[in-house]
1. I'm checking my understanding of the structure. Among residues of the range 74-92 that are surrounded by 14 or more Cβ atoms within 10 Å (Cβ to Cβ) and modelled with pLDDT of 90 or more, which one is nearest to residue 169 (Cα to Cα)?
2. Does the range 111-121 contain at least one residue that is assigned to a loop (DSSP other than H, G, I, E, B), in contact with a helix residue (DSSP H, G or I) (Cβ under 8 Å, 6 or more places away or on another chain) and under 28 Å from residue 55 (Cα atoms)?
3. Conditions first: (1) in the same structural domain as residue 58 (by TED's automatic domain parsing); (2) modelled with pLDDT under 90; (3) not in a strand (DSSP E or B). Residue 101 passes all but one, so which condition is the exception?
4. Return the residue satisfying two criteria in turn: it lies in the range 156-180 and is part of a loop (DSSP other than H, G, I, E, B) and more than 30 Å from the chain's Cα centre (by Cα), and of such residues it is surrounded by the fewest Cβ atoms within 10 Å (Cβ to Cβ).
């Protein structure tokens, strides 16, 4: 009878070994499935997040529209509308946006907002030639006037400006250029 106990003990160890091997195999398959799901999810997130739906910023103030577009990972280009519509909205109101709200665009796309009398940042034109300063101010939606000065000799071009660089002002504001 002792041999049967020995056989029974050996069989038990074989079953345990087979069972242990089966658990390792099931764990490996389960881990592979989980990793495959994670990889697919990451790829979907990466590819799916490259398209952005343009938010509706029409009728918002320029600052709110700019914030909304930047929060959506889009760029902003402001175009000033100098003409007065039949019923003038408050200054700084977005009248039109391109591309239109709801359009799917790649992340980083620049959205043009047309603003009625918008607020803009005055560029730094001190040190530029008069022609370059005029161009920079026109592009930034400002007017300018040239004020010749003979206070500083040996320097040509724009030696000062008012309002100063970095300040904000409504579109069409006259920036005084002090020149030599």
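1. Residues of the range 74-92 surrounded by 14 or more Cβ atoms within 10 Å (Cβ to Cβ): 74, 76, 78-81, 89, 91-92.
Applying the additional criterion that residues be modelled with pLDDT of 90 or more yields 74, 76.
Values: 74: 24, 76: 18 Å.
Per the criteria, the residue is 76.
2. If we filter the range 111-121 for residues that are assigned to a loop (DSSP other than H, G, I, E, B), which is where we start, we get 117-118.
Next, from what is left, pick out any that are in contact with a helix residue (DSSP H, G or I) (Cβ under 8 Å, 6 or more places away or on another chain): 118.
So of that shortlist, the ones also under 28 Å from residue 55 (Cα atoms) come out as 118.
Yes.
3. That leaves (2) as the condition not met.
4. Step one: of the range 156-180, the residues part of a loop (DSSP other than H, G, I, E, B) are 156-157, 163-167, 171-173, 180.
Then keep just the ones that are more than 30 Å from the chain's Cα centre (by Cα); that gives 156-157, 180.
Values: 156: 10, 157: 16, 180: 16.
Once the filter is applied, the top-ranked residue is 156.
The values are calculated or read from the model by the stated rules, or taken from the named source; none is laboratory data. Every value quoted in this text rests on a predicted model; they were computed, and no experiment measured them. Heads up, the Cβs are rebuilt from the backbone with ideal geometry, glycines too, and the neighbour counts pull from every protein chain shown.
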